[in-house]
């Protein structure tokens, strides 16, 4: 394989060219209600070539690897069509590396029957938890594969990636009232993380049933405490995406908005992206441009101090690449992405911030979220009214919305209980999703958040 | 790997399994993409793969691969999967009488990157001439797919489809914040004219130039066609046979009952020439059709694939959607809501005071099955005295799809295509609106 790649690269008529080859075997097991919807193994192989010629990019993907030389030619031709552009790529030292995956228990060594039986057991637990449980979804997935990256500067890296996870969903129903609760784990630690989740099965089932009795929250402005999972989602969705250099690199106004040294949030808030944290969902050693991974502090005590780069965006902004160029698979060119993004621990505690909240909402878990860079909406899985510093009635349909910048400034308590949350989901951007990432943080309290509702 | 390989896989599979179905696909996609006013890249993607579904000892198994080196394990993997798989409640179809519908246009194969580049560049030039501050992006992508479906009962169907998608978007950044407006179209035939969409983007950005004062309370709301899909999502999910069979559809026992205003008629129509969701034959070899989902407010039909229908003791509606790497699952082809008597242009003056919703944030975040929605107005306008007075910001609207579709004031015309949905504007009598600071 290396010979095929090196020969093809050497023959290319381009200023810069790179090749990636992905090969993976995946196992999926999915129960929906009583039925096993999916069980089995799939395999795939594919490659891509990205070429830079006279300031323009060409990109070609394929899965007949044996014809690589032909696709190298096609990519150069596509780049020539773009031609006359201003694209460049930042300098990076050539690297040669072979990175092995280090899961505690390799899912490759577990037979399909064991994966099936585990899901069947979890599914029975959820379905049998209450007569109000209408249906369930239990989904297991693993992927064992390797990515080869090579470029015309002499970099040649092989990385093995072994990802494994499970997601548990309970759906409870009472008349037309349908409620759901969800739990998911997924990262690089191996098969062990999907074992012993019986307690979580019971918890999601109970939560879905309890939500049936919850009332929709009344719309209005509240002091809101986010749980670690929701804090992580906020860090990722609302702030992390703004820190991706391709958000602002070609827009002067946005660049001005994202000037280093500018205050963005209260001094309690620091946000970090770190692919080198071991074995989390978003961890890796080299990104998909062959740049070594490293941590990047995005927000330090409320002050903007870093952003995420690929070699392409780094060249545009005359900054250093940060190792955040990632591609979902062989059919995509790498773009700037987060890895493990989290709000750093603060000095407070959940118990104290709760006690100091006379009236508010405790928002827990995450159903979905969206941002348009300035505004965000996040829906919590469940919520509790806070009255007189204590958790009160359960409420549902808690959708938080607001202006990102105002909201970051309105954070007035940050606890120390950081959790990193991975899972089978992931991040979507530019049509590339779900990409494995984790997001995390501690409990935080935000003043004056708009909560939608009736 | 090529289409003949499908026969070889079927040959081996029928020797070892009770029944088998092979799907082979190859596709070729091309795209040109602009970002921040300039051409970012030209790309091409070719792909091929094979999927094998078996029924063995009464159970379903499946596997797929794109790796010629892994072909030897394909039948093994499918049989291993069948050891646990669902009990099959169907037989593979032996024949298919395909209806007439055009899904392939050879002009797509002739379309060139140069044409794509020219049309997006013209659109961006138009927008930037009028509003030099805009940051525009956009692109064109076109693809050709060939599918062959064979099974051990003798079915052998070949299908060639084309698709063509284009879009233009503009981002405006000023002291007040961001506004991003995008318009696009997907169809199975090419065009070299992106100007209708481009003019619409310019018009919307102009309308949003002024910010309206915040409003709250119970207000009438017009959903422009582009936003109606958010409401349709609840109807689509609840009439999907999969959700019915799982028992989670809140409409599962309501066939024949009136569920929404009697002026609403909704079709699932696979037979519109060149529409994005159209096909003559589904992913299992069952003929596609035109099916009423809701007729004059009354719930008529759910969509099914073979297995889902088998489990409920009814017939497939030819709605099996899949690729070579996935098992079939039912989904609607093109959802088409019949237009009404009014129009967006007439609704606005008649409404006097209310909101027009065009783009929303937060779709799908609420409990879609229950019909609930809670949406931030990404692009919405306030109407005062029958005129648009400006863009509403930091505003949420919430409600329940089934409530609001039972309390309609008017349906607009014409219906517009957005993706694989053809929908008119809807004027809802009262929706809960909350405003931020």
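Data overview
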read-out	value
Within region A:205-319, percent of DSSP bridges classed antiparallel, to nearest 5	90
Stretchable slack from residue B:385 to residue B:11, in nm (0.36 nm times residue separation minus alpha-carbon distance)	127.5 nm
Kirkwood estimate for region B:377-421, i.e. one over the average of 1/r between Cα atoms, Å	13.4
Mean Cβ count within 10 Å, highest first, over the residues of peptides A:134-141, A:97-104, A:70-77	A:134-141, A:70-77, A:97-104
Gyration tensor over alpha-carbon atoms, region B:1-78, equivalent ellipsoid semi-axes in Å	36, 12, 9
Residues A:339, B:325, sorted so that the one with the fewest Cβ neighbours within 10 Å comes first	B:325, A:339
Overall Cα dimensions of chain A - principal axes, largest extent first, Å	70, 55, 36
Size-normalised alpha-carbon gyration radius of region A:319-454, reference 2.2 N^0.38 Å	1.19
Whether chain B is rounded, prolate or oblate, judged on the alpha carbon gyration tensor where a/c under 1.5 counts as rounded	oblate
Between 0 and 90°, nearest 10: helix A:112-127 axis offset from chain A longest Cα axis	30
Kirkwood Rh in Å, taken over the protein assembly as shown so that all alpha-carbon pairs contribute	28.4
Antiparallel DSSP beta bridges within the protein assembly as shown, as percent of all bridges there, nearest 5	90
Of every Cα-Cα pair in region A:255-411, the percent that sits beyond 18 Å	69
Cα gyration tensor, region B:184-320 - rounded (a/c under 1.5), prolate or oblate	oblate
Average beta-carbon neighbours from other chains, 10 Å sphere, peptide A:373-382	5
Average other protein chain Cβ within 10 Å of Cβ, residues B:386-397	2
Region A:342-356 and region B:72-97: distance between their alpha carbon centers, rounded to Å	53
Cα radius of gyration and Dmax for region A:1-84 (Å)	17.8, 58
Helix A:198-213 vs. chain A, principal-axis angle (Cα, 0 to 90°, nearest 10)	60
Residue exposure sequence - B:164, A:247 - by fewest surrounding Cβ within 10 Å	A:247, B:164
Per principal axis, descending, Cα span of region B:326-437 in whole Å	53, 35, 23
Radius ratio Rg over Rh of region B:1-139, counting only Cα atoms, Kirkwood formula for Rh	1.21
Order of B:261, B:407 under a 10 Å beta carbon neighbour criterion, fewest first	B:407, B:261
Theoretical ellipticity at 222 nm over the protein assembly as shown - DSSP helices of four or more residues, -39500 (n - 2.57) apiece, nearest 500	-6000 deg cm²/dmol
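Values in this text are rule-based calculations from the coordinates and carry no lab data. Being a predicted model, the structure only gives us computed values, none of them experimental. Neighbour counts run over all protein chains shown; Cβ positions are idealised from the backbone, glycine included.
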